1. Quick check: Cα centre of segment 238-316 to Cα centre of segment 53-82, how many Å?
2. Spin-label point model (7 Å from Cα, Cβ direction): what's the residue 278 to residue 151 distance in nm?
3. Between (1) -0.43, -0.63, -1.19; (2) -0.26, -0.43, -1.23; (3) -0.38, -0.60, -1.19, which entry matches log10 I(q)/I(0) by the Debye sum over Cα atoms at q = 0.07, 0.09, 0.15 Å⁻¹ as derived from the coordinates of this structure?
4. Quick check: the angle from helix 32-42's long axis to the longest principal axis of the chain, C-alpha only, nearest 10 degrees?
5. Taking DSSP loops as anything outside H, G, I, E and B, show the longest stretch in the chain free of trypsin sites (Lys or Arg not before Pro) there with at most 11 other beta carbons within 10 Å.
6. Whole-Hz ³J(HN,Hα) for each residue in segment 208-214, computed from phi via Karplus 6.51 cos²θ - 1.76 cosθ + 1.60 with θ = phi - 60°, x for glycine and proline: what do you get?
7. Against the longest principal axis of the chain, how steep is helix 188-201, in degrees 0 to 90 to the nearest 10, with axes from Cα atoms?
8. Once you charge only the Cβ atoms, +1 for Lys and Arg and -1 for Asp and Glu, what is the size of the charge dipole of the chain about its Cα centre, to the nearest 20 debye?
Amino acid sequence: MAEVSQVPDELFRPLDRSRFDSHNAMRPSASYGLESIRKIFRNKLAVLGFCLLGAIVILSAFGPGMLPYSASEQSLVSGNLPLSAEHWFGTDDLGRDMWVRTWEGGRISLFIGVVAALIDLVIGVVVGGLSGYMAGRGKWGDRVDNFLMRLVEILYGIPYLLVVILLMVVMEPGLATIITALSITGWVGMARLVRGQILQVKGQEYVLAAEKLGTPHAKIIWRHLIPNVAGIIIVNLTFTIPQAIFAESFLSFLGLGVQAPTASWGTMANDGLAVILSGQWWRLFFPGVMISLTMFAFNAIGDGLQDAFNPRGGKA
């Protein structure tokens, strides 16, 4: 009988994993999210944008409480006072403190901009995601895609500010009216962007595998497609918020937005422009600077996020 060859004992010893751990090349350097965060913090302009935006948000939240005045408190004997220890940003013609009104206006402008942008985000992601996923999926899929895209193209072809101004004239002035007017066509750009991104990623292997396994279409969209284009969506959102803030300020400047005595940067800039030749420069300067700094901060953050989320390391 033939002898059975003995198996070396080394084959039964546990695997020594330290050999693999000793080489950094065997490990991933960092996850995609951590690497994106590192890229953001290496972008000095984006860091400056975060600092500016954080300061504006904090002062809008707590700034009005730093002085013993209210945004609507009037004192005719203190009208049109320049900057002083009692009134850090001076006063307007009714004696209202400009520091308090500036940060009260910041609350209004930021609230309108963020809420309008979030509504645009939700509608745009739903419409764009559904349209992109249904495109090329038979007769009914193409019909859904064509219907949604024709609707988007119609709204896209109408001047944005014209629609907003018409709605502001027809509807009763107020915060809800402004947000509605800004949101009714503001989602169109987000929908087109999301649709284009979905068309690029829906042919990937993980999507096809989920379809073969019988995963519902809604689950594929929300759990597989949307998370993989979230970076582009976030970047676009950071550009949408300043656009909404500027649109609100522009409408308030024209007298179609926030109505007196409520303070917003647009209404304050309108009041300050009327008296700029009288030497009361602070009434236009501070709301104008706040609008400019806020838009700069969001755009700097958006550029930083665009660089960080782009896997090629450059502009998307």
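The numbers here are math on the coordinates, done by the rules we state, and not lab data. Every value quoted in this text rests on a predicted model; they were computed, and no experiment measured them. As a convention, Cβ positions derive from the backbone with ideal geometry for all residues, glycine included, and neighbour counts pool all protein chains shown.
1. What the calculation gives is 18 Å, centre to centre.
2. Those two pseudo-labels are separated by 5.0 nm.
3. The calculated read-out lines up with (1).
4. Relative to the chain, helix 32-42 is tipped by roughly 40 degrees.
5. 18-311
6. Taking θ as phi minus 60°, the curve returns 5, 5, 5, 5, 5, 7, x Hz for segment 208-214.
7. Here the helix axis deviates by roughly 10 degrees.
8. Roughly 860 debye, rounded to the nearest 20.
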